[in-house]
Amino acid sequence: MSILLLPDELVDQIAAGEVIERPASVVKELVENSLDAGASRIEIDIEQGGAQLVRVRDNGAGVASGDLPLALRRHATSKIRTLEDLAAIATMGFRGEALPSIASVSRLRLTSRTAGAEQATELLADSVDAQLRPAAHPPGTTVEVRDLFYNVPARRKFLRTPATELSHIVRFVERAALIHFGTAWKLRSNGRTLLDLPLASNAALIAERLASVLGGEFMSHALALEHRAGPVLLEGWVSAPTASRSQPDQQYLYVNGRVVRDRLLASAVRLGYRDVLYHGRHPAYLLNLVLDPGLVDVNAHPQKLEVRFRDSRQIHDFVFRAVERALSDTVRAATPERWLPAAQRQQPGGGPSWDLLQAVGGVASVAPEYVPQQLSRASGRFGTAIAQLHGIYILAQTADGLVIVDAHAAHERVLYEQLKAQRDTRPASQALLAPVIVTLKAHELEIALTQTAEFERAGFEIERFAPTEIAVRAVPALLGTQDLQAMIATVVREVIGQQGSAHLQDAEHRVLASMACRSAIHANRHLTLEEMNALLRQMEQTERIDQCNHGRPTWVALGMTQLDQLFLRGR
Ligand code: ADP
Ligand code: MG
């Protein structure tokens with residue numbers, strides 16, 4: 001075959017193959033154009049999951065009638081002029097590809113009017129033909145896309161059920177609405193209103209929008225985050241670790257307001273939660289990374305869903321630290337209620353409060369002399385210990401009421417944070433008089449030896465001793481010397497057991513976490529009041545004390561008002 005230049009129509013259809021995957025991609029492109037046009041209101045109508053109709057109407061700047069035919073031309077755009085513009089792109093679009101691609105695989109009608117124009121102009125186009133005529137339309141633009149893929153049967157076959165296609169559309173519109181607060185959104189499917197979000201021009205309205213899209217649950221556990229370093233800002237909300245989810249279904253990431261799918265950012269956020277999240281659980285978050293457009297390449301993916309950072313390592317660390325700090329700051333900033341699981345924040349009459357009440361039945365058995373007459377002056381937010389309950393919980397009287405502490409969980413967190421702090425200033429490692437020999441399975445031993453550096457950073461010195469034995473020559477001083485053999489074996493097993501996808505830095509943390517768990521007070525250990533108070537004071541000094549290393553809460557509070565309500569006092 002000889003070489004031939006492809007006809008424009010076919011070129012557009014090939015481009016459409018990349019850009020327009022399904023009706024939701026049409027919605028995305030049209031909505032982004034409306035946002036670029038500065039619209040403060042966007043209305044979207046869908047029929048049959050978008051295969052029959054996608055209509056997007058906005059009140060943006062509009063297209064001048066003379067420019068209309070150009071809007072449908074390939075590589076025609078009002079958004080960039082030069083390569084420099086591309087490097088500093090502030091608009092959603094810039095390729096001039098979307099409208100011609102869509103027009104090549106559907107029947108498209110574009111009606112638009114600029115603010116100054118006397119009337120609107122309408123452009124009707126399909127893959128072969130385009131016509132212009134005057135029309136009635138307020139300032140702004142409406143794009144109607146009918147019969148998507150009517151001329152590309154192979155594509156049409158790949159469309160899923162209308163309900164599935166609609167769910168992709170809803171998900172995209174929600175994502176866009178969760179960041180573009182300066183725009184009012186309406187989404188209808190077959191005439192039924194699915195989303196109706198008024199302009200969110202202040203904090204209260206923003207909170208209302210978040211709650212109506214994400215649910216009240218998200219809002220009641222969300223911690224606001226704002227972290228800046230030089231030209232980079234991370235802003236948004238992260239959920240308290242105790243409000244983690246079983247699915248990663250509430251994770252919203254944006255770069256300069258652009259909806260992105262970015263593994264680097266997602267893994268950085270996840271790392272920020274590593275110390276506080278229960279295994280297999282997923283955090284909820286909504287985060288926008290704002291940075292100089294020159295620091296990020298948005299021209300890396302045909303649908304602009306992926307971005308490339310100039311310095312990805314630095315961005316990763318920045319995001320990770322910002323999230324980590326937001327979660328640890330809550331030790332100081334958040335009110336205790338904020339961190340209680342929602343169920344326990346319910347008003348009396350609702351389930352869990354009654355369980356707590358029954359647990360306090362245990363309190364009656366405490367001898368009165370153990371109850372201090374006054375709160376000691378030294379006591380802080382966790383108050384003064386008054387009793388230990390069933391060998392597990394510490395009960396403490398606070399200025400505001402009662403705090404119940406899970407002694408093991410809290411102690412584990414205290415130790416873990418101490419170990420990490422030690423590690424940062426070089427571990428206080430303690431050489432053993434005689435090495436402790438730990439027996440492992442051959443493969444466990446091989447894995448353990450690949451992690452020598454992490455063990456070392458945590459204060460262990462290990463080396464091969466025999467085919468199934470390692471010799472431990474030094475241990476972290478904090479470990480003490482009791483029961484070393486079993487402790488080391490557990491730590492080693494735990495660290496290598498979670499191998500695989502794990503990150504090296506994680507291995508080091510697992511060494512510490514596992515040490516903390518092994519060394520923490522265990523159930524049924526009798527504690528004196530002094531020991532209990534010492535733990536409460538340590539808790540007050542410890543970051544991230546609200547959850548143990550596995551993400552479970554370490555304490556709950558029952559305020560006097562709540563207690564009074566339980567007993568119907570003051571009514
Ligand atoms: P791009 O967005 O990459 O520029 P598109 O093919 O999506 O390319 O759109 C082509 C041009 O049509 C845009 O550059 C813009 O000038 C104009 N346009 C498209 N949609 C709208 C709209 N809703 N409001 C105003 N102008 C629009
Ligand atoms: Mg566009």
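Would you pick out the residues in the stretch 272-300 that are among the aliphatic types (A, V, I, L, M), more than 23 Å from residue 31 (Cα to Cα) and surrounded by fewer than 20 Cβ atoms within 10 Å (Cβ to Cβ)? So that I can check it myself, show each step before the final result.
So in the stretch 272-300, the residues among the aliphatic types (A, V, I, L, M) come out as 276-277, 284, 286-287, 289-291, 295-296, 298, 300.
With more than 23 Å from residue 31 (Cα to Cα) added as a condition, the list becomes 276-277, 284, 295.
If the condition is that a residue be among the aliphatic types (A, V, I, L, M), more than 23 Å from residue 31 (Cα to Cα) and surrounded by fewer than 20 Cβ atoms within 10 Å (Cβ to Cβ), then 295 is the only one that fits.
Within the option set 410, 458, 421, being under 29 Å from residue 327 (Cα atoms), among the aliphatic types (A, V, I, L, M) and open to solvent by 10 Å² or more (accessible area, probe 1.4 Å) holds for one residue only, 421. In the stretch 3-21, of all residues being under 30 Å from residue 43 (Cα atoms) and at pLDDT 90 or above, the one that is least open to solvent (accessible area, probe 1.4 Å) corresponds to 20.
Which residues, taken from the stretch 35-75, are of a type in the set (A, V, I, L, M) and either assigned to a helix (DSSP H, G or I) or touching a helix residue (DSSP H, G or I) at 6+ places or on another chain (Cβ under 7 Å) (or both)?
Hits for the stretch 35-75 are 35, 42, 44, 46, 51, 54, 56, 63, 68, 70, 71, 72.
Residues in the stretch 35-89 that are within 8 Å of ligand 1 (Cβ to nearest atom), touching a residue at least 60 places away in the same chain (Cβ under 8 Å), within 19 Å of residue 124 (Cα to Cα) and not acidic (Asp, Glu): 56, 62, 63.
Take the conditions at pLDDT 85 or above and aliphatic (A, V, I, L, M) and apply them to residue 234. Does it pass? Can you show your working first?
Numbers: at pLDDT 85 or above: yes; aliphatic (A, V, I, L, M): yes.
Yes: the conditions hold for residue 234.
For the stretch 126-164, what are the residues that are modelled with pLDDT under 95, out of contact with any Asp or Glu (no Cβ under 8 Å at 6 or more places or on another chain) and of a type in the set (D, E, K, R)? Listed by number, the residues that qualify are 126, 129, 155, 156, 157, 160. Scanning the stretch 112-138 for residues that are under 27 Å from residue 179 (Cβ atoms) and open to solvent by less than 10 Å² (accessible area, probe 1.4 Å) turns up just one, 112. Count of the stretch 35-85 residues, restricted to those that are within 13 Å of ligand 2 (Cβ to nearest atom), under 21 Å from residue 135 (Cα atoms) and β-branched (Val, Ile, Thr), is 2. Give the number of residues within the stretch 102-134 that are within 11 Å of ligand 1 (Cβ to nearest atom) and outside any strand (DSSP E or B). The qualifying residues number 3.
The number of residues in the stretch 22-38 being surrounded by fewer than 24 Cβ atoms within 10 Å (Cβ to Cβ) and in contact with a Lys or Arg (Cβ under 9 Å, 6 or more places away or on another chain) comes to 4.
So, in the stretch 54-90, exactly how many residues are open to solvent by less than 20 Å² (accessible area, probe 1.4 Å), within 23 Å of residue 117 (Cβ to Cβ) and aliphatic (A, V, I, L, M)? Break it down stepwise before answering.
Restricting attention to the stretch 54-90, the residues satisfying the condition of being open to solvent by less than 20 Å² (accessible area, probe 1.4 Å) are 54, 56, 58, 60, 68, 89.
From what's left, within 23 Å of residue 117 (Cβ to Cβ): 56, 58, 60, 68.
Add one more test, that the residue is aliphatic (A, V, I, L, M), and what stays is 56, 68.
Residues that pass the stated criteria total 2.
Among the candidates 527, 478, 568, 558, the residue that is within 37 Å of the chain's Cα centre (by Cα), modelled with pLDDT of 75 or more and hydrophobic (A, V, I, L, M, F, W, C) is uniquely 558. Residue 84 passes every criterion in (1) under 25 Å from residue 298 (Cα atoms); (2) of a type in the set (Asp, Glu); (3) assigned to a strand (DSSP E or B) apart from (3). Does residue 32 satisfy being within 16 Å of ligand 2 (Cβ to nearest atom), among the charged types (D, E, K, R), under 28 Å from residue 292 (Cα atoms) and not in a loop (DSSP other than H, G, I, E, B)? So residue 32 fits the description; yes. So is residue 93 near ligand 1 (Cβ under 8 Å from one of its atoms), under 33 Å from the mean Cα position of the chain (by Cα) and open to solvent by less than 20 Å² (accessible area, probe 1.4 Å) or not? So residue 93 fits the description; yes.
In contact with a strand residue (DSSP E or B) (Cβ under 6 Å, 6 or more places away or on another chain) and aliphatic (A, V, I, L, M): does that describe residue 72? It is true that residue 72 is in contact with a strand residue (DSSP E or B) (Cβ under 6 Å, 6 or more places away or on another chain) and aliphatic (A, V, I, L, M). I'm checking my understanding of the structure. Among residues of the stretch 96-140 that are among the charged types (D, E, K, R) and either closer than 14 Å to residue 59 by Cα or free of Cβ contacts under 8 Å to residues at least 60 places away in the same chain (or both), which one is farthest from ligand 2 (Cβ to nearest atom)? Selected residue: 118.
Checking the stretch 242-264 against the condition returns no match, with no residue being crowded, with 20+ Cβ neighbours inside 10 Å, in a helix (DSSP H, G or I) and at pLDDT 85 or above.
The values are calculated or read from the model by the stated rules, or taken from the named source; none is laboratory data. These numbers come from a predicted model, not from an experiment. Don't worry about glycine lacking a Cβ; one is built from the backbone with ideal geometry, like all the others, and counts go over all protein chains shown. For accessibility, only protein heavy atoms count, side chains too; no ligands or nucleic acids. Shrake-Rupley method; radii C 1.70, N 1.55, O 1.52, S 1.80 Å.
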